[in-house]
1. For the chain, which semi-axes, largest first and in whole Å, follow from the square roots of 5 times the eigenvalues of its Cα gyration tensor?
2. In region 39-83, what percent of the accessible surface is made up of carbon and sulfur (1.4 Å probe, ligands and nucleic acids excluded)?
3. So in the chain, what percent of DSSP beta bridges are antiparallel if you round to the nearest 5?
4. About the Cα centre of region 15-133, what is the dipole size in debye to 20, counting +1 per Lys and Arg Cβ and -1 per Asp and Glu Cβ, all else neutral?
5. Relative contact order of the chain: what whole-number percent is it, with Cα pairs under 8 angstrom and at least 6 residues apart?
6. Rolling a 1.4 angstrom probe over the protein heavy atoms, how many square angstrom per residue are accessible across region 37-146?
7. Can you flag which of 25/114; 54/114; 97/119 are past 31 Å Cα-Cα?
8. Using a Gaussian network model of the chain whose springs link C-alpha atoms within less than 10 Å, name the residue from 74, 45, 125 with the highest mean-square fluctuation.
Amino acid sequence: MDAARLDGFLADRDTWRATHCSIGKAMDVIGTRSAVLILREAYYGTTRFDDFAKRVGITEAVAASRLRELTAEGLFERQPYKEPGQRTRFEYVLTEKGRDLLPAVLALMQWGDKYLQGKHGAPIGMRDDATGEPVRVEVRSPDREVPLAELRLTPNFTEEDASRP
């Protein structure tokens, strides 16, 4: 069976619940299609509200809601700008927290390229700008890629902490 190995008290899955799960908490922040696609556009260089709405293909109301949520969570920072003769507006710039989500979003893209694009393959390639070499997201130790069956999950908390709500 391909599954990660659970160590310590985690091995008895009937005695604990993933109530403090980082995956669940992350999905609370970016768990909508529009939020992930707004992040994609930010990684592509989009910063202006109208451009997010247009490029993602969502209404201005949805764009406003998602950008407000992502900004409140600290993934974007609003910065003022002013075009000549226009009123001051705000653009949305990725923060370190937002940039740190890049591997997760690229992993989704890589998975979609492999399993959802059919015979045409990936519509966009990922390459190292310095070398031109292809890049990919993977689960690694310092020396190698680690497959699921060789991944070990260990508790970073006590068994008592695991049972608290």
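1. On the way: eigenvalues 248, 108, 42 Å².
They are 35, 23, 15 Å, listed largest first.
2. On the way: 1160 of 2550 Å².
In region 39-83, the share of accessible area belonging to carbon and sulfur is 46 percent.
3. Details: 10 of 12 bridges.
Counting DSSP beta bridges with both partners in the chain, the antiparallel share is about 85 percent.
4. Numbers: 18 positive and 16 negative charges, 69 e Å.
Roughly 340 debye, rounded to the nearest 20.
5. Details: 155 pairs, mean separation 52.5, N = 165.
Reported as a whole number, the value is 32 percent.
6. Details: 7650 Å² over 110 residues.
With the other protein chains kept in place, region 37-146 gives 70 Å² per residue.
7. Details: 25/114 27 Å; 54/114 27 Å; 97/119 35 Å.
As for pairs spanning more than 31 Å Cα to Cα, those are 97/119.
8. Residue with maximal mean-square fluctuation among 74, 45, 125: 125.
The values are calculated or read from the model by the stated rules, or taken from the named source; none is laboratory data. What you are looking at is a predicted structure, and each value in this text was computed from that prediction instead of being measured. Please note: Cβ atoms are built from the backbone with ideal geometry, for glycine as well, and neighbour counts cover all protein chains shown. Remember, those area values only see protein heavy atoms, side chains included, never the ligands or the DNA or RNA. Shrake-Rupley method; radii C 1.70, N 1.55, O 1.52, S 1.80 Å.
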